[in-house]
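Reading through the structure tokens given below for one structure.
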Amino acid sequence: GVAGLARSERGDLPIPAEGGHASFAPADEVEDRVLASLRAKHGRVSIERVLSGPGLYGLYQVMAEIAGEPVVHADEKAVAAAGLAGEALSQAVLDRFCEILGSVAGDIALTYGARGGVFVSGGIAPRLIDRLMLGGFRRRFEDKGRLKDYMADIPTALIVHPYAALLGAARVLETLEGNRF
């Protein structure tokens, strides 16, 4: 999912969106192969097809094929565990996942004009904090051609609170309380 928050003197206004269903845009030959593989299976390929648990596993399968290695892990949890434990292919998959996440987050920042920052959350991202900090996420976030300087000024942060979605829902409910009918 994707959402924005517009701040004004009358209060904050959440802007929900379905940005995860926007099209996946590959950035290089590896991602072109990921797109082709996912398109063969699913037709249209959304961002969510790559940046999700099943997407992480699909990314692993394609990168194993490219590397000429067998698919030895059964699911995305096994890939993540192997990558965090140091297995080379799974580490490369996690790094690629973080890079793609950076590209997408940067695209969303451009779409919203999110000068106040981009906050990443979700089930997978907090477990990849060390990989996100390696630089690929931020490099791809800023890699927006002539808008690179504009992007460099936009902060990014990782939400690690386990109940962030519930806190956000409570905040929305507070803003609606005076608008009941």
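The values are calculated or read from the model by the stated rules, or taken from the named source; none is laboratory data. The structure displayed is predicted, hence computed values, not measured ones. Methodologically, a virtual Cβ is constructed for each residue, glycine included, from the backbone with ideal geometry; neighbour enumeration extends over all protein chains shown. Heavy atoms of the whole protein, side chains included, go into the accessibility calculation; ligands, DNA and RNA do not. Shrake-Rupley method; radii C 1.70, N 1.55, O 1.52, S 1.80 Å.
Please go through the stretch 101-145 and pick out each residue that is in contact with a Phe, Trp or Tyr (Cβ under 9 Å, 6 or more places away or on another chain), outside any helix (DSSP H, G or I) and of a type in the set (A, V, I, L, M, F, W, C).
118, 120, 124
Condition check: surrounded by 19 or more Cβ atoms within 10 Å (Cβ to Cβ), aliphatic (A, V, I, L, M), more than 30 Å from residue 68 (Cβ to Cβ) and out of contact with any Asp or Glu (no Cβ under 7 Å at 6 or more places or on another chain). Does residue 105 satisfy that?
yes
Here is a yes/no grid of residues against (1) open to solvent by 50 Å² or more (accessible area, probe 1.4 Å); (2) closer than 29 Å to residue 12 by Cβ; (3) in contact with a His (Cβ under 9 Å, 6 or more places away or on another chain):
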{"site": "72", "(1), (2), (3)": "yes, no, no"}
{"site": "77", "(1), (2), (3)": "yes, no, no"}
{"site": "82", "(1), (2), (3)": "no, no, yes"}
{"site": "119", "(1), (2), (3)": "yes, yes, no"}
{"site": "136", "(1), (2), (3)": "no, no, no"}
{"site": "139", "(1), (2), (3)": "yes, no, no"}
{"site": "166", "(1), (2), (3)": "yes, yes, no"}
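Which numbered condition trips up residue 66, out of (1) among the aliphatic types (A, V, I, L, M); (2) open to solvent by 30 Å² or more (accessible area, probe 1.4 Å); (3) outside any helix (DSSP H, G or I)?
(3)
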